[in-house]
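Participant: There's a structure below that I have some questions on.
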Amino acid sequence: MRNALKPLMAAAALTLAVTGAQAEMVHKTSPHSVAATMDRLQAAVTGAGATVFARVDHAAGATKAEMDLRPTQLLIFGNPKLGTPAMLDAQTAGLDLPLRVLAYADDKGVVHVTYHSPATLAETHGLPKDAKYIKMMTGALDKLTGKAIAAE
C-alpha cells in the first residue's frame with residue numbers, strides 16, 4: 001500500500017509545485033500610446049542586436065472577431081546567446097522563450113508595459129537563479145522597456 005501511494009504523492013507534489021509558482025510580473029507605465037511604446041520597444045530591441053520574432057496586435061484581433069478591446073500589443077523577441085543557454089539547462093524554458101512584453105491601455109487610458117521577471121523563468125524551469133543569462137535577461141528587459149517608456 002505504501003508503494004502504491006508514492007506515485008500519487010509525487011503527482012500531488014508536482015501539481016503543487018507547478019500551480020504554486022506564481023509568475024512575478026514587472027509593471028511600468030508609459031507616457032506614450034500603446035503603438036508608440038511598442039514602436040520604441042521594437043526599435044530598442046533591434047538596436048540592441050536582438051531579434052523581433054512577432055508583434056501581436058490583440059485589439060486588431062478582437063476587431064476581426066467583432067469585439068472591442070482597448071489597445072493591447074505584445075512584442076516577442078530574443079537573443080539566442082541568452083535563450084539557448086537557458087534551454088541547455090532546461091529545455092522546458094523554451095515554453096517561455098523568446099521573451100515577451102505586453103503594452104496595453106487601461107480603462108483610464110494609462111499605458112502599461114508588463115513582462116514576466118526572468119527570475120520566474122528560473123523558478124518555473126528549475127534554472128540556476130544566479131545564472132549569468134538570467135541576470136542578463138533581467139538587465140536587458142529593464143533597459144529595453146526603459147527606453148520604450150522614456151520621455152522623448
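Participant: Can you work out which of the residues in the stretch 15-34 that are surrounded by fewer than 16 Cβ atoms within 10 Å (Cβ to Cβ) and among the hydrophobic types (A, V, I, L, M, F, W, C) is modelled with the lowest pLDDT?
Facilitator: L16
Participant: Another one. When the stretch 122-148 is examined, which residues are found to be of a type outside the set (V, I, T), farther than 26 Å from P71 by Cα, assigned to a helix (DSSP H, G or I) and touching a helix residue (DSSP H, G or I) at 6+ places or on another chain (Cβ under 6 Å)?
Facilitator: Matches in the stretch 122-148: A122, H125, Y133, M136, M137.
Participant: Here's something else I'd like to know. Please find, within the stretch 72-114, the residue that is farthest from R55 (Cα to Cα) out of those that are touching a residue at least 60 places away in the same chain (Cβ under 8 Å) and β-branched (V, I, T).
Facilitator: Ranking the qualifying residues of the stretch 72-114, first place goes to V110.
Participant: Does any residue of the stretch 71-87 turn out to be out of contact with any helix residue (DSSP H, G or I) (no Cβ under 7 Å at 6 or more places or on another chain), assigned to a loop (DSSP other than H, G, I, E, B) and of a type in the set (S, T, N, Q)?
Facilitator: Checking the stretch 71-87: at least one residue is out of contact with any helix residue (DSSP H, G or I) (no Cβ under 7 Å at 6 or more places or on another chain), assigned to a loop (DSSP other than H, G, I, E, B) and of a type in the set (S, T, N, Q).
Participant: How many residues does the stretch 66-90 hold that are of a type in the set (A, V, I, L, M) and open to solvent by less than 60 Å² (accessible area, probe 1.4 Å)?
Facilitator: 6
Participant: Also: Within the stretch 116-145, which residues are in contact with a Lys or Arg (Cβ under 9 Å, 6 or more places away or on another chain), over 19 Å from K81 (Cβ atoms) and open to solvent by less than 30 Å² (accessible area, probe 1.4 Å)?
Facilitator: Listed by number, the list holds a single entry, T145.
Participant: Here's another thing I want to ask about it. Is it the case, given these coordinates, that A48 is open to solvent by 50 Å² or more (accessible area, probe 1.4 Å) and either at pLDDT below 95 or among the small types (G, A, S) (or both)?
Facilitator: Judged against the criteria, A48 is a match.
Participant: Here's a follow-up. Check off (1) modelled with pLDDT of 95 or more; (2) of a type in the set (K, R); (3) surrounded by fewer than 17 Cβ atoms within 10 Å (Cβ to Cβ) for R100 and give me the number that stays unchecked.
Facilitator: Condition not satisfied by R100: (3).
Participant: Still on this structure, I have one more. List the number of the failed condition for D107; all other conditions in (1) assigned to a helix (DSSP H, G or I); (2) over 19 Å from V26 (Cα atoms); (3) open to solvent by 80 Å² or more (accessible area, probe 1.4 Å) hold.
Facilitator: If we test D107 against (1) assigned to a helix (DSSP H, G or I); (2) over 19 Å from V26 (Cα atoms); (3) open to solvent by 80 Å² or more (accessible area, probe 1.4 Å), just (1) comes out false.
Participant: For the stretch 115-152, which residues satisfy the criterion of being acidic (D, E) and within 13 Å of the chain's Cα centre (by Cα)?
Facilitator: D142, the sole residue that qualifies.
The values are calculated or read from the model by the stated rules, or taken from the named source; none is laboratory data. Everything numeric in this text was worked out from a predicted model, so none of it was measured. A quick note on method: Cβ atoms are made from the backbone with ideal geometry, for glycine too, and the neighbour counts reach across all protein chains shown. Protein only, heavy atoms only, side chains kept; ligands, DNA and RNA dropped before computing areas. Shrake-Rupley method; radii C 1.70, N 1.55, O 1.52, S 1.80 Å.
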